[in-house]
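*Asks:* Starting off with a structure, shown below.
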Amino acid sequence: MTLDINFVRSQFPAFQEPSLQGQSFFENAGGSYTAKPVIDRLARFYTQRKVQPYAPYEASRLAGEEMDEARARLAEWMGLETDEVSFGPSTTQNAYVLAQAFRQWMSPGEAIIVTDQDHEANTGPWRRLADAGIEVREWHINPETGHLDPKDLQALLDENVRLVCFPHCSNVVGEINPVVEITALAHAAGAFVCVDGVSYAPHGLPNVGSLGADIYLFSAYKTYGPHQGIMAIRRNLGQMLPNQGHFFNADTLYKRFTPAGPDHAQVAACAGMVDYFEALAETHGIFGKPTEKAEGVHNLMRAHETALLQPLLDYLGTKNSVRVLGPKDAQSRAPTVALACQSDPAEIAAKLATRGIMAGAGGFYAVRALEAQKVPADPGVLRLSFVHYTDQTDIQKLMAALDEFL
């Protein structure tokens, strides 16, 4: 099945915006364009529902229903129970709240495992548990390839480990880690897992139930939605950890890790993400249960992205002036490509901008991952990241511009 790129782009107002005409967007790992159903829901909430939700009067009742709808539909698409999905202001904040819960739950001398492949949002909060006497063990990447080897994890696991934190894929390495395999290793040792899905979810929402992850985190604003962090936490773990919300909300799972009141409008607008995915499924003849449609849409997105990515990787492999971080095979990675450059990556990004290429340069909160691969976080890398609404003309335009400046 081939992705209908014209339909896809019709669902994103950015592609009809005059000020963005002639621009090719290659900084999607920093935040994607927003789908029209999300924008429509957000506008409707602010104009028709901007009241305290869950009261009996109509505007309030509808506001609460729309918030509940977002949670329920996202949970269905990810193979979860409705109350296993929580919202927060960002993934960084969600990880921080979870880390405080583990700080209370764990005892000095117990251990967690983190990686140096991670974005700082899913490693910094956990590393701070060392202040409470908790042992922090680091699962190191291969400095040449950026690869996380599950065999190296096995050497770190023992009866003292309570949690293993790792990314579904890194925002600079791009390699897709084998979540099912890693989770099975951790569970066999009696540990829970926390998976950072921020760099993976934009390429197709995963079935968290099938992955087996105890915690799965991702950002709605990188997944065609509003600026919210979305957190899946399985019930057995969520009820075991100490409540971080108001004491009177302790019996409601999705409120236990939300210390502050949620952004009602943005939570409600997250249902628009599923509206968009549903439209993709229907247009391409993908039917069935929500998880089946999610898998079909995921595979559709990945096939399109992979077909665009491999020629770009092959082209970059001919350039001696750059080092591509992560795998050279598009099948094993996300279309987030970080380049260590002989010249200043910020200067290259600025030059690309003059050719209508929107890309970024820097460390991208992945300081540990870059330095582990012997790449200085300052000036960092040139990062070229795209998603399923990118088309062949964008890739050709990018390579033509790179040919001029590399």
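The values are calculated or read from the model by the stated rules, or taken from the named source; none is laboratory data. Treat the numbers as computed from the prediction; the structure is a model and nothing was measured. When we count neighbours, we look across all protein chains shown, and the Cβ atoms used for this are built from the backbone with ideal geometry, even at glycine. Keep in mind that these areas ignore ligands, DNA and RNA; they rest on the heavy atoms of the full protein, side chains included. Shrake-Rupley method; radii C 1.70, N 1.55, O 1.52, S 1.80 Å.
*Asks:* Of the conditions (1) under 28 Å from residue 53 (Cβ atoms); (2) touching a Leu at 6+ places or on another chain (Cβ under 7 Å), residue 322 clears all except one; give me its number.
*Replies:* Failed condition: (1).
*Asks:* Still on this structure, please answer the following. Consider residue 339 against the criteria (1) assigned to a helix (DSSP H, G or I); (2) over 30 Å from residue 75 (Cβ atoms): it satisfies all of them except one. Which criterion is unmet?
*Replies:* Of the numbered conditions (1) assigned to a helix (DSSP H, G or I); (2) over 30 Å from residue 75 (Cβ atoms), the odd one out for residue 339 is (1).
*Asks:* To continue, here is another question. Could we say that residue 84 is closer than 30 Å to residue 47 by Cα and either surrounded by fewer than 17 Cβ atoms within 10 Å (Cβ to Cβ) or touching a strand residue (DSSP E or B) at 6+ places or on another chain (Cβ under 8 Å) (or both) here?
*Replies:* yes
Quick grid of which residues meet (1) crowded, with 23+ Cβ neighbours inside 10 Å; (2) free of Cβ contacts under 8 Å to residues at least 60 places away in the same chain:
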residue	(1), (2)
353	no, yes
365	no, no
372	no, no
385	yes, no
392	no, no
402	yes, no
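*Asks:* So, one more: Would it be correct to say that residue 359 is touching an Asp or Glu at 6+ places or on another chain (Cβ under 6 Å) and within 18 Å of residue 313 (Cα to Cα)?
*Replies:* For residue 359, the condition - touching an Asp or Glu at 6+ places or on another chain (Cβ under 6 Å) and within 18 Å of residue 313 (Cα to Cα) - is met.
*Asks:* Sticking with this one: Which of the residues belonging to segment 259-300 are free of Cβ contacts under 8 Å to residues at least 60 places away in the same chain and at positive phi?
*Replies:* Matches in segment 259-300: 288 only.
*Asks:* Sort out for me the helices (runs of 4 or more DSSP H) sitting completely within segment 264-327 that have 3 or more residues that are over 20 Å from the mean Cα position of the chain (by Cα).
*Replies:* Counting at least 3 such residues, we get 271-283, 290-316.
*Asks:* What pairs come out if I take residues in segment 244-258 that are open to solvent by less than 30 Å² (accessible area, probe 1.4 Å) and pair them with residues that are hydroxyl-bearing (Ser, Thr, Tyr) whose C-beta lies under 6 Å away, six or more apart or interchain?
*Replies:* These pairs meet every condition: 245/258; 257/86; 258/86.
*Asks:* Here is a follow-up. Between 123, 91, which is closer than 30 Å to residue 53 by Cβ and polar (S, T, N, Q)?
*Replies:* 91
*Asks:* Out of curiosity, is residue 22 buried (at least 18 other Cβ atoms within 10 Å of the Cβ) and either outside any helix (DSSP H, G or I) or within 24 Å of the chain's Cα centre (by Cα) (or both)?
*Replies:* no
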